[in-house]
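What follows is one structure encoded as structure tokens, with my remarks underneath.
Every number in this text was worked out from the coordinates using simple rules, so none of it is lab data. Not measured: the values here are computed from a predicted model. Cβ atoms come from the backbone with ideal geometry, glycine included; neighbour counts cover every protein chain shown.
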Amino acid sequence: MTSDLRAAFPGRPAARPPEAMPSRPARRRGGFGVPLFLAAVSLAFLAPLLLAVYASLRPYEETAEHGYFSWPDRLSLDYYREAYTESGMGTYFTNTLLIAVPAVIVTLFLASFVAFAVSRVRVRGGMVMLMLFTAGNLLPPQVIVVPLYALFLKIPLPWWMSDSMPLYDSFWALILVNVGFQVGFCVFVLANFMRTLPKEILEAAIVDGAGVWTQFWRITLPLCRPALAALATLEFTWIYNDFLWALIFISNPEKLPITSSLNNLRGQFFTDYNLLAAGSVLVALPTVLVFLLLQRHFIAGLTLGSGKG
């Protein structure tokens with residue numbers, strides 16, 4: 001058979017038989033170095049949280065006598081009940097929801113509009129608009145604290161909300177300032193995400209007679225669900241944990257967000273840090289629950305486009 005091939009194709013070497021082909025070496029499996037390193041890094045990040053949970057379950061007298069790293073004599077949930085009742089956390093949590101939920105919804109709604117315009121619709125100056133929105137994230141918030149404070153003192157609320165009261169010391173002030181500072185980041189992320197969507201989908205919709213609103217609302221937004229879920233998780237966490245804007249634009253203690261409730265657990269001459277740890281764990285629980293609920297969409301939004309194929 002080999003001689004026949006050589007006679008038919010002179011000058012070409014005969015192919016090797018299958019048994020003569022060198023076998024590829026088996027891929028060496030990784031050792032335990034990388035998993036151990038990742039476990040150590042994860043433990044280092046979780047150590048403060050675990051220490052706070054451990055301290056919140058122990059009486060302060062026992063911690064003061066034996067330290068934070070001693071074996072406990074007893075564990076209880078008394079500090080959690082005391083932290084919730086003494087700090088008025090229920091009222092502050094309601095205030096935070098009234099600020100964070102509308103701010104996240106409005107931010108994602110406006111950002112999706114702008115991202116669709118600069119990425120999927122041929123708008124003149126779309127790239128310049130995207131650069132302006134992105135550049136807004138580089139401005140430190142502390143730079144415009146004084147101008148915003150003076151501006152909110154002069155802008156009145158609409159007549160159907162109150163009678164000629166300023167925007168200052170209202171939930172709307174915090175909603176507006178959070179939307180203004182967060183919409184640029186969301187536009188940047190959503191615009192880059194929408195560019196990865198197949199153009200053939202919108203071209204087919206245009207051929208079928210779909211207008212711009214139909215392309216945006218019924219085609220593009222459903223495909224952006226992973227990115228919207230990831231941004232909703234991040235934005236809710238950032239706005240929920242905000243303390244700077246509430247400290248500046250809110251003067252009524254009854255309107256402060258939940259991050260301010262921890263200050264009520266500090267005494268004038270003495271601070272029970274175990275009680276403060278219990279309050280911190282309670283404050284952090286909603287953001288953890290939001291992440292757990294949106295975890296699948298959050299990871300899908302972060303990892304989309306990271307692999308080929």
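Counted residue by residue at 0.36 nm each, then reduced by the alpha carbon distance between them, the extension gain from Val53 to Ala150 reaches 30.8 nm. Could I have the simple spin-label model distance between Leu97 and Leu38, label points 7 Å from Cα toward Cβ, reported in nm to one decimal? For the pair Leu97/Leu38, the computed spacing is 3.6 nm.
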